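The values are calculated or read from the model by the stated rules, or taken from the named source; none is laboratory data. Predicted, not measured: the structure shown is a model, and the values here were computed from it. Note that each Cβ is placed from the backbone with ideal geometry, even for glycine, and that neighbours are counted across all protein chains shown.
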Amino acid sequence: MTYFDETAINARFFQRAMRRFLARKNTGLTRWMAACFLAVSIAAPAVAQDRSGPLRIEITEGVIEPVPIAVAPFLAENAAASEFAREITGVVASDLVGTGLFRDLPRESYISEVTNFDGEVAYADWKAINAEALVVGAVTMTSDNRLLVKFRLFDIFTGAPLGDGLQFAGSTNSWRRVAHKVADQVYSRITGEDGYFDSRVVYVEETGPKNARQKRLAIMDYDGANVQFLTDASSIVLAPRFSPTGDRVLFTSYETGFPQIYELAVGQVQKRALSELDAETMTFAPRYAPNGRTVVYSEARGGNTDIFRLDLNTGDRVRLTSAPSIETAPSFSPDGSQIVFESDRSGNQQLYVMGLNGGEPKRISFGQGRYGTPVWSPRGDFIAFTKQNNGRFHIGVMRTDGSNERLLTASFLDEGPTWAPNGRVLMFTRESAGADGQPALFSVDISGRNLRRVPTATAASDPAWSPLLP
Amino acid sequence: MTFTKTAVLLTAFALSACTSADRFGSGSGTGAAGADGSLAGSISDPTSPAYFNATVGDRVLFLVDQSTLSQEAQFVLDGQADWLLTNSEYSALIEGHADEQGTRDYNLALGARRASAVQNYLISKGVAPGRLKTISYGKERPIEICSDEACYSQNRRSVTVITAGAGV
């Protein structure tokens, strides 16, 4: 296993970390003392050159310590907005802190309060509590019960706004989405990456004992809120996948008694079987092409599993692999020209890349152990996978040519990574061992940091992340 | 019945007796001898599915990541073939299963391989192909739930589920 070069963390980061370290030494001192101490440390030349440009976190470099920011309580511009203002502030802060890149400074530490959305920013006061950025927001409830949410972002160190103020409008029911959109903007302006908070996850909810699991398709916000069920538990369902526009879902169901792939439109109960094959052919492991009109999947017939491509409009079906070995878990490159999949043709599971129409595949995995469930990043730069080695499971990423393999997790059973819409975070299934073992959803960023459990009410598996919502 | 044959049947009985108790409680396939055992009949009736399950032996086990039929598996399957040839009013659904040590997709494919290996063996012994269907459950339906080889070895299995009808 190779790790990305973590020494690439630049001097700016080191100096920042130093400054935070110095500031932290003042824990317990009075605010005034802290301010004085910080003033001294800032005066030191090395730290003064800390930031020549605006605040920017490079995610791929890894972050040693979360950057302290202040998400000031959003102002309620009228009484009807006050509850929403409080809740929206909480979701914005939770989104940002949940990335592991930020630390939200507690309100008790504030020297000055934000009382006017358009007011002057007391940079010195925010600098004194070591905030690197300040988020200011305001919420208005309109006469027709819509929410207007606006925000401004300030870089405390340079003493300037980071981008213009923005306003979002939404129904009161969609207040969480509006909050996620604000947080996406803040994240995007500071990291230079697209956001991923205004997104959903489709997954399999699991209940009951290990030898009689009940499974239902469920959909939720990326942070576990707003759970809805898409199927009942009358038949086994597996591995749902979002369409590129997030409005349809592919999955495998045992509804007929045999595993077959189905498609349903989110928000509708009706589903349709995609394959009209005889019951002797099982179909599974479906994924959409980036155009949303084509699906790649596996068919098992006579004990042999191969990969096929299906045109959803015409029903045309094309065989892409033809080998006595197992070929499964296909995933398109974001430009739609290539397909990565797993095959045990070499004797055990390894990753291969082939063209849109099949042909001779090129093996890309060469490390110790077995590789499965490859998924091409939506940005095209990495392929995530499950790796099994020495009785442990890992989620890992590699470049699309197989180089720079990096394992992000290790446990009894990790599997099935799915990419956040910005290609910088992965969610996956982690199952605990033993008779009471249960699956849960976890996320980790591509530097291997910020491993955390995604909150779900029951056991859950097979997550698939939606694109960023429109 | 020769002495050898008796010995094989006794062995099969011993093997299946260990696991048949919760056989139907594990949510196996559809269209099979149901959870209420309605198709099962009397265990003492050699023409009954209950006899097949308990005495002939409805399952065979596999090594890690393998679908090769061991000598013991072939003995059990010989008995299954004999029973199916004798009791032509029944068909069979062959379930392939895997242990939890593998990814979901791969285990589905592996279960399909195992079920197919059993199907091909039974066909080679004269059972009409139209009477045998296969399905893979991958790692979705373990019968033993610990996370040790003791359980894994029981979960890496094929189960031949007797169904009504003479097939097509």
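Table for the structure above
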quantity	calculated
Count of region B:57-66 residues which are buried (at least 21 other Cβ atoms within 10 Å of the Cβ) and more than 10 Å from the chain's Cα centre (by Cα)	1
Among the residues listed as A:Phe229, A:Phe242, the single one being over 17 Å from A:Arg287 (Cβ atoms) and among the hydrophobic types (A, V, I, L, M, F, W, C)	A:Phe229
Residue that is among the aliphatic types (A, V, I, L, M), at pLDDT below 60 and buried (at least 19 other Cβ atoms within 10 Å of the Cβ), where the choices are A:Ala48, A:Ala70, A:Ala34	A:Ala34
Unique residue being buried (at least 18 other Cβ atoms within 10 Å of the Cβ) and either touching a residue at least 12 places away in the same chain (Cβ under 8 Å) or under 21 Å from the mean Cα position of the chain (by Cα) (or both) when the list is A:Thr245, A:Thr281, A:Thr256, A:Thr252	A:Thr252
Count of residues meeting criterion [in a helix (DSSP H, G or I), touching a residue at least 40 places away in the same chain (Cβ under 8 Å) and of a type in the set (A, V, I, L, M, F, W, C)] in region B:146-168	1
Count of region A:299-325 residues which are in contact with a Pro (Cβ under 7 Å, 6 or more places away or on another chain) and not aliphatic (A, V, I, L, M)	1
Residue selected from region B:23-64 under the condition of a type in the set (D, E, K, R) and within 19 Å of B:Ile143 (Cα to Cα), by the criterion modelled with the lowest pLDDT	B:Arg23
Filter pass, B:Asp99 being of a type outside the set (Gly, Ala, Ser) and more than 22 Å from A:Thr305 (Cβ to Cβ)	no
Unique residue being farther than 19 Å from A:Leu55 by Cβ, at pLDDT 95 or above and basic (Lys, Arg) when the list is A:Arg189, A:Arg152, A:Arg177	A:Arg177
Of all residues making up region A:82-93, the number that are in contact with a Phe, Trp or Tyr (Cβ under 9 Å, 6 or more places away or on another chain) and either under 30 Å from A:Val444 (Cβ atoms) or hydrophobic (A, V, I, L, M, F, W, C) (or both)	8
Leading residue by the ranking (surrounded by the most Cβ atoms within 10 Å (Cβ to Cβ)) among those in region A:114-161 that are assigned to a loop (DSSP other than H, G, I, E, B) and polar (S, T, N, Q)	A:Asn130
Selection from region B:117-152 of residues that are among the hydroxyl-bearing types (Ser, Thr, Tyr) and touching a strand residue (DSSP E or B) at 6+ places or on another chain (Cβ under 6 Å)	B:Thr134, B:Ser136, B:Tyr137
Test: A:Tyr196 is surrounded by 14 or more Cβ atoms within 10 Å (Cβ to Cβ) and more than 27 Å from the chain's Cα centre (by Cα)	no
Some residue of region A:328-346 being surrounded by fewer than 18 Cβ atoms within 10 Å (Cβ to Cβ) and within 14 Å of chain B (Cβ to nearest Cβ)	yes
Hits in region A:281-303 (condition: of a type in the set (Ser, Thr, Tyr) and either within 8 Å of chain B (Cβ to nearest Cβ) or over 13 Å from A:Ser331 (Cα atoms) (or both))	A:Thr281, A:Thr283, A:Ser298
Considering residues of region A:265-278 that are surrounded by fewer than 15 Cβ atoms within 10 Å (Cβ to Cβ) and of a type in the set (Gly, Ala, Ser) only, the residue farthest from A:Ala464 (Cα to Cα)	A:Ala273
Residue that is β-branched (Val, Ile, Thr), free of Cβ contacts under 8 Å to residues at least 24 places away in the same chain and surrounded by 16 or more Cβ atoms within 10 Å (Cβ to Cβ), where the choices are A:Ile236, A:Ile219, A:Ile261	A:Ile236
Residue that is surrounded by the most Cβ atoms within 10 Å (Cβ to Cβ), among those in region A:429-470 that are of a type in the set (Val, Ile, Thr) and within 16 Å of A:Phe197 (Cα to Cα)	A:Val444
